[in-house]
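Presented below is the structure to which this report refers.
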Amino acid sequence: MLSNTCKYAVRALIYLGKYSADGTKIGIKKISSDLLIPTPFLGKILQNLVKQKILVSTKGPNGGFGLGKKTSEISLYDIVRIVDGDDFFRICLIGHHPCSTHEADEKPCPVHSRFGPIRAQLLQFYQETTLDGILGDMTGFEDLIKL
């Protein structure tokens with residue numbers, strides 16, 4: 001499953017997608033307060049997303065964070081890959097090696113044949129689910145943004 005760091009990143013990006021879509025920059029203290037995420041921890045997460053060009057940041061009195069891409073161009077997969085890496089989509093459910101690289105003469109793990117299709121569906125879901133889609137699904141549920 002996803003790390004708490006990754007969940008915080010997703011929440012922060014949904015928040016910024018909602019409140020900074022027009023190019024407005026939002027200060028880290030405001031984001032931290034609204035999402036109930038410790039400011040230093042959130043700062044590290046957001047700076048990582050800036051380095052990866054998912055976010056942009058400006059310093060100064062009117063500075064803050066904003067999206068570096070359109071919400072339709074940011075998928076859940078992008079976020080997970082940046083924050084947690086892509087092992088979630090490659091590593092065997094009960095092993096240490098990527099299922100796609102097991103030796104041809106070795107038997108895959110006992111759950112490989114049942115988990116493989118589920119993993120493929122998860123990968124597809126994460127790749128196809130964008131911030132834009134999430135924000136569209138939130139209409140009428142805006143209070144959930146702080147979850």
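The values are calculated or read from the model by the stated rules, or taken from the named source; none is laboratory data. Because the structure is a prediction, the values reported are computed rather than measured. Note that we place each Cβ from the backbone using ideal geometry, even for glycine, and neighbour counts take in every protein chain shown.
Summary of values
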read-out	value
Every residue from the range 7-45 that is of a type in the set (Lys, Arg) and not in a loop (DSSP other than H, G, I, E, B)	LYS7, ARG11, LYS18, LYS29, LYS30, LYS44
Residue under evaluation SER20, criteria (1) surrounded by 18 or more Cβ atoms within 10 Å (Cβ to Cβ); (2) in contact with a helix residue (DSSP H, G or I) (Cβ under 9 Å, 6 or more places away or on another chain); (3) of a type outside the set (Lys, Arg); (4) in contact (Cβ under 8 Å) with a residue 40 or more places away in the chain, criterion not met	(2)
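The rows are residues; the columns are (1) at pLDDT 85 or above; (2) part of a helix (DSSP H, G or I); (3) within 29 Å of LEU13 (Cβ to Cβ); (4) in contact with a Ser or Thr (Cβ under 8 Å, 6 or more places away or on another chain).
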{"position": "HIS96", "(1), (2), (3), (4)": "no, no, no, no"}
{"position": "SER100", "(1), (2), (3), (4)": "no, yes, yes, no"}
{"position": "GLU103", "(1), (2), (3), (4)": "no, no, no, no"}
{"position": "LYS107", "(1), (2), (3), (4)": "no, no, no, no"}
{"position": "PRO110", "(1), (2), (3), (4)": "no, no, no, no"}
{"position": "LEU122", "(1), (2), (3), (4)": "yes, yes, yes, no"}
{"position": "PHE125", "(1), (2), (3), (4)": "yes, yes, yes, no"}
{"position": "GLY136", "(1), (2), (3), (4)": "yes, yes, yes, no"}
{"position": "GLY140", "(1), (2), (3), (4)": "no, no, yes, no"}
